[in-house]
Amino acid sequence: MLTVEQALEAILSDVTILPFEETHLIDSLDRVLAEDIYADCDIPQLANSAMDGYAVKSSDVRGASKTKPKILKVIYDLRAGYVAKDAVENNQAMRIMTGAPIPEGADSVIIVEETEKEGKDKVKIFKEPKPGDNIRNRGEDIKKEERVFKKGLFLNSAHIGILASLGKAKVKVTRKPKIAILATGDEVIDVDEKMEPGKLRSSNTYTLYSQIIKCGGIPKNLGIAKDKPGELEKKLKQGLDCDMILTSGGVSVGDYDLVKFILAKIGTDIKFWKVSMRPGKPLVFGRLKEKLIFGLPGNPVSSMISFEVFVRPTILKMLGQRLDTRKEVDAVLEEDIKKKKGLRYFVRAETRWDDGIYLTRTAGPQGSGILKSMARANSLIILPEEEECTEKGIRVTVRFLD
């Protein structure tokens, strides 16, 4: 039985980055950048005003105050989007709006609140500025030819704004992986079917569907396969147009746990079965030609945590994403937790920041069929294989789930 690290290494060594596709900028949000981005210009392209006010020579208004204002002649009103034709000469000012380029000769901007109009074409200045006050310098955000973004970046709204500023109407992003989901078991029914004794609604289909979307994949629901070899084989083959197939259920040691057998029958090279973890011990991973295959456990929490630990990193690597956004911290445990030696535990937890430290406690009962505590959890406490009892007050590793 493999450790978590051994299993993850075996999986990721079998993963290649998907090819890129070109998409319109507005459609690149939450996609992974597949090219380095270089600036073709400075941003801002010209020094410009950070405030509404007056562009002046700072030397002209040295010593200005409320009691001894300096009076300058206003030669022009300059709006954003226009460049002044004339320079600011000695004892002159130019009315300037936010974003307008700084006129030649001026080296500072006095905000309008520190001024007062004097007649038709003059202004009183009540504050002495320093050179550079209220000016956004050329290239202070981005320099021409600077590498702004490296490929592998998960694009958020701010990235989209910068790409727009650089004139990138289209960008190259990694193609989203298509991922098939198949629930298995005679006891499993779909969400809209009538509940009968002995049946279970297929929550796994919908948790996996949403987890795939959050990772940047495109889910395909293959429905439910009953515990019949022919039906299971037929359903699995319907997922062969995808990059990955996820099954849930049927990977344990029961007489009707057929998934591993059928996967092998249709030509899957099964790399391993079982990982020394709880929940999620029965896990199948293999490759069917270029398709990655995961046989996840049927219990709802086991399925979700197996996805979090193994499938999510796989999708991120397929996308070429450089950074994993999951944060891990040391936290002080607020209760005792008993565990079985030899297995790594992933404990559903509620973790909070309190007076300079992280505190963590279980989010409720930890049975692998209790989805309610998974819904309450914002994190997982990770307990190493060698531990048997983790006592209140010690520090533990916590991984946040968002």
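The values are calculated or read from the model by the stated rules, or taken from the named source; none is laboratory data. Computed from a prediction, not measured in an experiment: that's the story for all the values here. Quick reminder, even Gly has a Cβ in these numbers, built from the backbone with ideal geometry, and neighbours come from all protein chains shown.
Numbers below:
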| quantity | calculated |
| --- | --- |
| Output for the range 11-31, where each listed residue is under 12 Å from V173 (Cα atoms) and small (G, A, S) | S28 |
| Residue that is surrounded by the most Cβ atoms within 10 Å (Cβ to Cβ), among those in the range 211-238 that are over 21 Å from K289 (Cα atoms) and of a type in the set (K, R) | K226 |
| Elements of type strands (runs of 3 or more DSSP E) contained in the range 115-155, each with 2 or more residues being at pLDDT 95 or above and more than 19 Å from C41 (Cα to Cα) | 115-118, 122-125 |
| Candidates V83, V88, V74 - the one that is on the phi < 0 side of the Ramachandran plot and part of a strand (DSSP E or B) | V74 |
| Test: residue in the range 239-257 that is crowded, with 16+ Cβ neighbours inside 10 Å, more than 23 Å from L18 (Cβ to Cβ), at pLDDT below 95 and charged (D, E, K, R) | yes |
| The range 158-171, residues that are closer than 30 Å to D243 by Cβ and touching a Leu at 6+ places or on another chain (Cβ under 7 Å) | H159, I160, L163, K168, A169, K170, V171 |
| Positions within the range 1-35 being in a helix (DSSP H, G or I) and over 30 Å from E146 (Cβ atoms), in sequence order | V4, E5, Q6, A7, L8, E9, A10, I11, L12 |
| Selection count, the range 36-71, where residues are in a strand (DSSP E or B) and either more than 30 Å from V173 (Cα to Cα) or not hydroxyl-bearing (S, T, Y) (or both) | 10 |
| Where a residue in the range 380-396 is more than 13 Å from V347 (Cα to Cα) and its partner, wherever it lies, is acidic (D, E) and surrounded by 15 or more Cβ atoms within 10 Å (Cβ to Cβ), with Cβ under 7 Å and at least six apart | K392/E334 |
| Residue among K341, K317, K372 that is more than 30 Å from L18 (Cβ to Cβ), in contact (Cβ under 8 Å) with a residue 40 or more places away in the chain and either over 18 Å from the mean Cα position of the chain (by Cα) or outside any loop (DSSP other than H, G, I, E, B) (or both) | K341 |
| Checking V83 against (1) under 40 Å from the mean Cα position of the chain (by Cα); (2) within 21 Å of K144 (Cβ to Cβ), the condition it does not meet | (1) |
| Only listed residue being without any contact (Cβ under 8 Å) to a residue 24 or more places away in the chain and among the basic types (K, R), chosen from R352, R361, R322, R326 | R352 |
| Residue identified as in a strand (DSSP E or B), out of contact with any Asp or Glu (no Cβ under 8 Å at 6 or more places or on another chain), hydrophobic (A, V, I, L, M, F, W, C) and over 30 Å from D36 (Cα atoms) among V347, V301 | V347 |
| Qualifying positions in the range 373-402 - charged (D, E, K, R) and under 23 Å from W353 (Cα atoms) | R376, E391, K392, R395, R399, D402 |
| Qualifying position, being surrounded by 12 or more Cβ atoms within 10 Å (Cβ to Cβ), of a type outside the set (S, T, Y), at pLDDT 95 or above and within 31 Å of the chain's Cα centre (by Cα), among A47, A39 | A39 |
| Residues within the range 258-276 that are under 23 Å from P300 (Cβ atoms), in a loop (DSSP other than H, G, I, E, B) and at pLDDT 90 or above, tallied | 2 |
| Those residues of the range 223-256 which are in a strand (DSSP E or B) and either in contact with an Asp or Glu (Cβ under 7 Å, 6 or more places away or on another chain) or farther than 30 Å from L155 by Cβ (or both), in sequence order | G223, I224, A225, T247, S248 |
| Flag for V74 being within 30 Å of V112 (Cα to Cα), out of contact with any Leu (no Cβ under 7 Å at 6 or more places or on another chain), aliphatic (A, V, I, L, M) and surrounded by 14 or more Cβ atoms within 10 Å (Cβ to Cβ) | yes |
